[in-house]
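Here is the structure we will look at, set down as structure tokens.
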Amino acid sequence: MTVPIDLVLQIFIIVCAVASIVVKDLLSAAMILGAYSFFMCIMWAQMGAVDVAFTEASVSAGIGTILFVAAVMKTTRRSKD
Amino acid sequence: MQTFFLAVALGICFLVFLVLYRVVYGPGVFNRVAAISAVGTKTLIILLIVGFLYQRVDMFVDISIVYALLNFIGCVAVAKYLEMER
Amino acid sequence: MIYRGEDIIIRTISRMLIPFIQLYGLYVIMHGHYSPGGGFQGGVILGASLILLLLAYGYQDAKSRVPEKLLTVFSGVGVFIYAGTGFLCLVLLGNFLDYAMLAKILHTDAAHARSLGILSVEIGVGMAVMAVMVSIFLDISTGGVLPGEEEEKQKTAEEA
């Protein structure tokens, strides 16, 4: 019943993960990881695990993104490779 | 009713796919900030429609409210960083 | 990231939103047994509201609301409530965290005692997680030296 949503979400997750590695700007990579984390949250919710989805949304998409941005502030913004 | 909700969810997924182009290829960080905020609001609706498909909306409303608040806080954090850099 | 800025829009919106975010965090902690959530998730939401306060107002102005010593006290008190409930059950001749033994103190039946025991454990976890999230953010964004202490250290270094 929810199989098409599952397939489309898989494509989005792969696109976000590859984009966050390929992009050279570290600040943008941290933000794309935040979007990746929220797609993972929908996938957990679609599988029926609502507590795991809640934890993923609040910790990884919220606090995790803020801590990554605060860490990028301490180093250079352009990755060396 | 189930197929109607499924069709609506797939339509919004297509819109998310259009915005993901700006996330990946957007020249500069300002395009990416605005695009990720837009992705956040659309996928909030997808979460609620998944709740309708399982016929238990009241659990999924809680997760949607949390993500709506944390999306705002993330945007403010990135904006503060960009203001400091200039 | 927590230095002074002159943003009136973000300050106004934060002033309107922060009480509601905290109220929602308390709702998530209290209704952990019925809806998704619980102690850890509610603590993260409460910590996110204090981080928004620090981002919008800067550390110098928000120092009175988020003092560093109070955060360490909160995390200690949270763990104390968790372990204290467990040891209280031990003292009352049960196993560790065996909430049914709390029925002797509270004068109710075993089912109500278990429910109230879990609630007190969730409150302890929520307090500890909130304090730890805010203190990790302060540590990462300032590099260990708070903005008010830098001038004091320079003064003591010049005097010595």
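No value in this document is a laboratory result; all are computed from the given coordinates. For clarity, every value in this text was computed on a predicted model and none was experimentally measured. Reconstructed Cβ throughout: ideal geometry from the backbone, glycine too, with neighbour counts over all protein chains shown.
Using every alpha carbon pair in chain B, what percent of pairs falls into each 10 Å bin from 0 up to the bin containing the largest distance?
16, 39, 30, 13, 3, 0
Above 24 angstrom, tally the Cα pairs of chain C and express them as a % of all pairs, no decimals.
In whole percent, the long-distance tail amounts to 48.
Sticking with the crude label model, points 7 Å out along Cα→Cβ, report the distance from B:L82 to C:V91 in nm, one decimal please.
5.6 nm
Listing A:T65, C:T142 from the residue with the fewest other Cβ atoms within 10 Å to the one with the most, what is the order?
C:T142, A:T65
Any of A:K24/C:K69; A:K24/B:K80; A:K74/C:K69; A:K24/C:K63; A:K80/C:K69 with alpha carbons more than 30 Å apart? Name them for me.
Check vs 30 Å cut-off fails for A:K24/C:K69; A:K24/C:K63; A:K80/C:K69.
Based on other C-beta atoms within 10 Å, arrange A:F39, A:F68 from fewest to most.
Arranged by neighbour count, lowest to highest, A:F39, A:F68 become A:F68, A:F39.
Given the C-alpha centroids of the range B:49-85 and the range C:92-135, what is the distance between them in whole angstrom?
The two parts, judged by their Cα centres, are 30 Å apart.
Across the range A:22-28, in residue order, what do the Karplus-derived ³J(HN,Hα) couplings come to in whole Hz, using 6.51 cos²θ - 1.76 cosθ + 1.60 with θ = phi - 60° and x for Gly and Pro?
Per-residue couplings from phi come out as 7, 5, 7, 7, 6, 5, 5 Hz.
Debye calculation, C-alpha points only, no solvent: report log10 I(q)/I(0) for the range A:3-72 at q = 0.14, 0.19 Å⁻¹, in the same order as the q values.
-0.43, -0.74
Enter the angle in degrees (range 0 to 90, nearest 10) between the Cα long axis of helix C:110-142 and the first principal axis of the Cα atoms of chain C, meaning the one along which they spread out most.
20 degrees
Helix C:39-57 sits at what angle to the longest principal axis of chain C, using alpha carbons and giving 0 to 90 degrees rounded to 10?
20 degrees
For a label point 7 Å from the Cα of C:A110 along Cα→C-beta, name the residues of the range C:63-104 whose backbone N is under 18 Å from it.
C:89-104
Give me the inter-chain shielding for A:44-54: mean count of other chain Cβ atoms within 10 Å, whole number please.
If you average over the peptide's residues, the count of other-chain Cβ atoms is 6.
In units of 2.2 N^0.38 Å, what is the alpha-carbon radius of gyration of the protein assembly as shown?
The protein assembly as shown yields a ratio of 1.12.
Do the sum for chain C: with -39,500 (n - 2.57) for every DSSP H run of n ≥ 4, divided by all residues, what is the mean residue ellipticity at 222 nm, to the nearest 500 deg cm²/dmol?
Estimated from H runs of four or more residues: -24500 deg cm²/dmol.
Per the Kirkwood definition applied to all pairs of different Cα atoms, how many angstroms is the hydrodynamic radius of the range C:1-90?
14.9 Å
On a C-alpha basis, how far is the centre of the range B:1-47 from the centre of the range A:13-51 in Å? Whole number, if you could?
13 Å
I'd like the mean, over residues of C:8-18, of how many other protein chain beta carbons sit within 10 Å of each residue's own Cβ.
1
Starting at the first residue of the range C:11-25, write each ³J(HN,Hα) from the Karplus equation 6.51 cos²θ - 1.76 cosθ + 1.60 with θ = phi - 60°, in whole Hz, x for Gly and Pro.
5, 5, 5, 5, 4, 7, 8, 4, x, 6, 5, 5, 5, 5, x
Taking H as built 1.01 Å from N, whose amide H comes closer than 5 Å to the amide H of A:D25, not counting residues under 5 places away?
none
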